[in-house]
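Asks: Sending over a structure as structure tokens; questions will come in a sec.
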Amino acid sequence: MGWRMSDVDKLIAIVRSRSVEHDKAITLLINGNLWGQVLATIRQELDSLIRVFYLLHQPNDERAILAGHTLAGEIWSRKKPKGRVTDRQMIELYNALDGWAKRVYEFGCSFIHLSNSHGYEQCDPLASLSRQDRTEIGDYLRSYHGGPTVNEPLFEEIKPYLRKVFNKITENLEYYLEGLEKGKSIHDTW
């Protein structure tokens, strides 16, 4: 009898397939100057990252249950403590270690859900953020991606760095997927 893929292995394959599609899409979207969809794609890749990160915090039996929920098209819910696993819970867990994720996630959500951000050609979506928020975005982009040079960037000034942001998320996602494949916990070194 042949080897059978576990639900976790099937989920890993789905996440990788999604990531490959995102990579192809983001290239087309950037070349087409479809910046709202670029941010929506980044947000979707970040969704994969925080879900895999969340799984790495769960015992193996819980991982299998949550992976099974995905494969069955169900919402994630836990045995202990009982209840639905929310996006907020997952992003807060990830954000506890890496604070940039919540900001990217929330900004990306404004391009997934109908919002004033979709009017970015008429009104800059970063202009409505506080100076502190824009400064933090600028600091993050300078620290990890080499720019922009202005302290409080607006949308036009962050566009050249969005591919780099996507690539970093994808790189982190692959690292976590490798740990998940090996049955590791986020607390293990691998």
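The values are calculated or read from the model by the stated rules, or taken from the named source; none is laboratory data. Worth saying up front: this structure is predicted, and the values here are computed from it rather than measured. Neighbour counts run over all protein chains shown; Cβ positions are idealised from the backbone, glycine included. These area figures cover heavy atoms from the full protein model, side chains too; ligands, DNA and RNA do not enter into them. Shrake-Rupley method; radii C 1.70, N 1.55, O 1.52, S 1.80 Å.
Asks: Please indicate, with yes or no, whether at least one residue in region 163-174 is more than 19 Å from Glu45 (Cα to Cα) and of a type in the set (A, V, I, L, M). Don't jump to the end; show me each part of the working.
Replies: Step one: of region 163-174, the residues more than 19 Å from Glu45 (Cα to Cα) are none.
Taking every residue of region 163-174 in turn, none turns out to be more than 19 Å from Glu45 (Cα to Cα) and of a type in the set (A, V, I, L, M).
Asks: Can you tell me which residues in region 65-98 are within 30 Å of Tyr140 (Cα to Cα) and either in contact with a Leu (Cβ under 6 Å, 6 or more places away or on another chain) or in contact (Cβ under 8 Å) with a residue 40 or more places away in the chain (or both)?
Replies: Just the residues of region 65-98 that are within 30 Å of Tyr140 (Cα to Cα), to begin with: 85-98.
The answer is Asp87, Met90, Ile91, Leu93, Tyr94.
Asks: Sticking with this structure for a sec: Every residue in region 111-138 that is assigned to a helix (DSSP H, G or I), free of Cβ contacts under 8 Å to residues at least 24 places away in the same chain and surrounded by 14 or more Cβ atoms within 10 Å (Cβ to Cβ), please. Give the derivation first.
Replies: The first filter runs over region 111-138 and keeps only residues assigned to a helix (DSSP H, G or I), leaving 111-112, 116-119, 131-138.
Retained after the next criterion (residues that are free of Cβ contacts under 8 Å to residues at least 24 places away in the same chain): 116, 119, 131-132, 134-135, 138.
Across region 111-138, the qualifying residues are Arg134, Thr135, Gly138.
Asks: Within region 139-158, take every residue that is assigned to a helix (DSSP H, G or I) and open to solvent by 30 Å² or more (accessible area, probe 1.4 Å) and give me the one that is nearest to Leu29 (Cα to Cα). Even if it seems obvious, please write down each step before you answer.
Replies: First pass over region 139-158, keeping only residues assigned to a helix (DSSP H, G or I): 139-145, 155-158.
If we keep only those that are open to solvent by 30 Å² or more (accessible area, probe 1.4 Å) as well, we get 139-140, 142-144, 156-157.
Values: Asp139: 25, Tyr140: 23, Arg142: 23, Ser143: 25, Tyr144: 22, Glu156: 15, Glu157: 17 Å.
It comes out as Glu156.
Asks: Right, Ile91: part of a helix (DSSP H, G or I), closer than 27 Å to Ile12 by Cβ, aliphatic (A, V, I, L, M) and at pLDDT below 90 or not?
Replies: Values: part of a helix (DSSP H, G or I): yes; closer than 27 Å to Ile12 by Cβ: yes; aliphatic (A, V, I, L, M): yes; at pLDDT below 90: yes.
It is true that Ile91 is part of a helix (DSSP H, G or I), closer than 27 Å to Ile12 by Cβ, aliphatic (A, V, I, L, M) and at pLDDT below 90.
Asks: Being within 30 Å of Lys159 (Cα to Cα) and in contact (Cβ under 8 Å) with a residue 40 or more places away in the chain narrows it down to one residue among Leu56, Leu39, Leu28; which is it? Break it down into steps so the answer makes sense when it comes.
Replies: Values: Leu56 fails: within 30 Å of Lys159 (Cα to Cα); Leu28 fails: in contact (Cβ under 8 Å) with a residue 40 or more places away in the chain.
Criteria check complete, one pass: Leu39.
Asks: What do you reckon, is Glu62 among the acidic types (Asp, Glu), assigned to a helix (DSSP H, G or I) and closer than 22 Å to Asp23 by Cα?
Replies: no
Asks: Next question. Open to solvent by 40 Å² or more (accessible area, probe 1.4 Å) and either at pLDDT 85 or above or at positive phi (or both), is that true of Ile75?
Replies: Numbers: open to solvent by 40 Å² or more (accessible area, probe 1.4 Å): yes; either at pLDDT 85 or above or at positive phi (or both): yes.
Against the criterion (open to solvent by 40 Å² or more (accessible area, probe 1.4 Å) and either at pLDDT 85 or above or at positive phi (or both)), Ile75 qualifies.
Asks: Let me ask you something else. Mind listing just one residue for me: the one in region 1-60 that is of a type in the set (Lys, Arg) and modelled with pLDDT of 95 or more and, of those, surrounded by the fewest Cβ atoms within 10 Å (Cβ to Cβ)?
Replies: Residue satisfying both the conditions and the ranking: Lys24.
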